[in-house]
Amino acid sequence: MQAPRWVYLLCAAGLFAYQTLDALDGKQARRTGTSSPLGELFDHGCDSVSTVFVSIAVCSTMQLGHHPDLLFLMIMMSLMLFYTAHWTTYCCGYLKFGYIDVTEGQVMAILCYMASALFGETFWTSKLPVIGAPTWVVPIVFSVSAGAAAIYNMLTVIFTGGVGKNKSTVADTSVLFPVVPIMTALLPAYIIYKKSPSDVFEMHPTLYLLAFGLVAAKVTNKLVVAHMTKSAMDTWDSSLWGPALLFLNQYFNTPVSEYLVLWICLVYCLADLCIYSLQVCTEICDYLNIFCFRISHPPRKMSAGSTPSASPQPSPTPKRTMVTRQSASRN
């Protein structure tokens with residue numbers, strides 16, 4: 001069943017609005033004097049989740065569901081690109097952008113939506129003149145080429161640009177260590193996909209990619225927090241229990257329907273990500289004495305025996321670490 005063309009127009013408009021607001025949030029925070037680690041976490045945390053949804057939507061627009069291996073490759077590559085960008089930040093101390101980066105990728109996604117809105121979904125399966133390849137080959141070749149070049153450049157920075165001791169990370173840990181958490185999230189996705197007796201990925205690609213995408217988003221958020229707190233990352237994350245259920249179900253010859261276990265995995269991973277985000281945001285707000293969605297400051301907590309001043313002022317931003325090491329490794 002083909003989606004109505006207005007759906008693609010709505011996707012294009014939504015992605016354009018998201019891209020614009022994502023570029024303006026920092027300027028607004030600086031204009032109102034409300035820049036804080038909470039804003040940084042919110043910015044990159046929302047980006048980590050939106051990457052999953054935008055990647056799935058664009059691949060669906062180009063009809064890549066008929067090519068499961070290619071669909072899997074494109075989604076995993078987008079998740080790895082986003083993680084690697086913050087991996088470089090964890091190593092060199094600031095976020096670097098290339099000549100072809102996330103903005104160009106978002107523009108290409110908008111163009112894909114517009115092409116489907118104007119010409120219909122069959123546009124992507126029509127043959128190109130001369131070479132006879134389907135039209136979706138063009139954006140795929142561009143994406144894979146640009147993604148490979150970006151990963152190469154970011155790995156170069158990772159191996160040569162560490163700001164810690166002996167070119168280590170900001171937490172004085174090995175620059176190679178962050179590869180462990182993301183591999184524990186992405187490798188099981190490939191193994192379960194290839195070993196599934198019921199072809200769970202081919203039959204339910206959106207559910208499957210959402211589940212593992214949320215795991216990758218949780219790991220990326222923990223990397224952002226590790227950079228903010230200059231602390232090491234854990235090799236194990238609680239969100240991995242979701243994929244572990246799928247793996248164990250396959251190991252015991254799928255006594256439970258893989259479709260049912262996949263739903264359990266998705267719900268668990270979503271709840272785990274929400275709980276972690278709530279805990280970290282609450283702790284930052286309490287420490288900085290700020291609200292999460294309001295600019296005004298909450299009233300300061302008074303100790304026993306003290307009297308409030310006539311005009312309480314918001315507490316200054318502390319210069320020490322905003323989040324404790326324990327919360328960075330929580331969950």
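Can you tell me which residue in segment 96-121 is nearest to the chain's Cα centre (by Cα), limited to those that are loosely packed, with under 13 Cβ neighbours inside 10 Å and outside any helix (DSSP H, G or I)?
It comes out as PHE97.
Find all pairs meeting these conditions: Cβ atoms under 7 angstrom apart; at least six residues apart or on different chains; first residue within segment 260-288 and closer than 13 Å to TRP241 by Cβ; second residue open to solvent by less than 10 Å² (accessible area, probe 1.4 Å) and among the β-branched types (Val, Ile, Thr).
Cβ pairs passing all conditions: CYS269/VAL215.
Residue by residue through segment 122-132, note down the ones that are in contact (Cβ under 8 Å) with a residue 12 or more places away in the chain and open to solvent by 70 Å² or more (accessible area, probe 1.4 Å).
Scanning segment 122-132 gives a single hit, THR125.
So which of PHE82, PHE97, PHE72 ends up being within 25 Å of VAL170 (Cβ to Cβ) and at pLDDT 90 or above?
Testing whether each residue is within 25 Å of VAL170 (Cβ to Cβ) and at pLDDT 90 or above leaves just PHE82.
Can you pull out the residues in segment 26-40 that are over 22 Å from LEU278 (Cβ atoms) and open to solvent by 30 Å² or more (accessible area, probe 1.4 Å)?
LYS27, GLN28, ARG30, ARG31, THR32, GLY33 - these are the residues of segment 26-40 that are over 22 Å from LEU278 (Cβ atoms) and open to solvent by 30 Å² or more (accessible area, probe 1.4 Å).
Name the helices (runs of 4 or more DSSP H) wholly within segment 127-219 that hold at least 1 residues that are modelled with pLDDT under 90?
137-160, 179-195
Before we move on, is SER231 open to solvent by less than 10 Å² (accessible area, probe 1.4 Å) and not in a helix (DSSP H, G or I)?
yes
Cβ-Cβ below 8 Å, separation at least six or inter-chain, first residue in segment 45-70 and assigned to a loop (DSSP other than H, G, I, E, B), second open to solvent by 40 Å² or more (accessible area, probe 1.4 Å) and hydroxyl-bearing (Ser, Thr, Tyr): which pairs?
Within 8 Å, the pairs are GLN63/THR125.
Could you give every pair whose Cβ atoms fall below 6 Å, whose first residue belongs to segment 89-117 and is without any contact (Cβ under 8 Å) to a residue 24 or more places away in the chain and within 15 Å of ASP47 (Cα to Cα), and whose second residue is of a type outside the set (A, V, I, L, M) and open to solvent by less than 30 Å² (accessible area, probe 1.4 Å), counting only separations of at least 6 or pairs across chains?
LEU95/THR89
Which residues, counting only those in segment 20-44, are in a loop (DSSP other than H, G, I, E, B) and either within 16 Å of the chain's Cα centre (by Cα) or in contact (Cβ under 8 Å) with a residue 40 or more places away in the chain (or both)?
Across segment 20-44, the qualifying residues are THR34, SER36.
Looking at segment 260-284 only, could you name the residues that are surrounded by 15 or more Cβ atoms within 10 Å (Cβ to Cβ) and among the hydroxyl-bearing types (Ser, Thr, Tyr)?
Within segment 260-284, TYR268, TYR276, SER277 qualify.
So which residues in segment 236-259 are assigned to a helix (DSSP H, G or I) and open to solvent by 90 Å² or more (accessible area, probe 1.4 Å), if there are any at all?
Within segment 236-259, TRP241, PHE247, TYR251, TYR259 meet the criteria.
Here is a check on your reading of the model: is TRP136 within 30 Å of CYS112 (Cα to Cα), open to solvent by less than 30 Å² (accessible area, probe 1.4 Å) and over 23 Å from the mean Cα position of the chain (by Cα)?
So TRP136 does not fit the description; no.
Condition test on GLY26, is it within 29 Å of ALA226 (Cβ to Cβ) and not hydrophobic (A, V, I, L, M, F, W, C)?
Yes; evaluated as a whole, the condition is true for this residue.
The values are calculated or read from the model by the stated rules, or taken from the named source; none is laboratory data. Quick caveat, the model's predicted, so the values are computed rather than measured. Backbone-built Cβ (ideal geometry, glycine too); neighbour counts: all protein chains shown. Accessible surface is based on the protein model in full, side chains and every heavy atom, while ligands, DNA and RNA are left aside. Shrake-Rupley method; radii C 1.70, N 1.55, O 1.52, S 1.80 Å.
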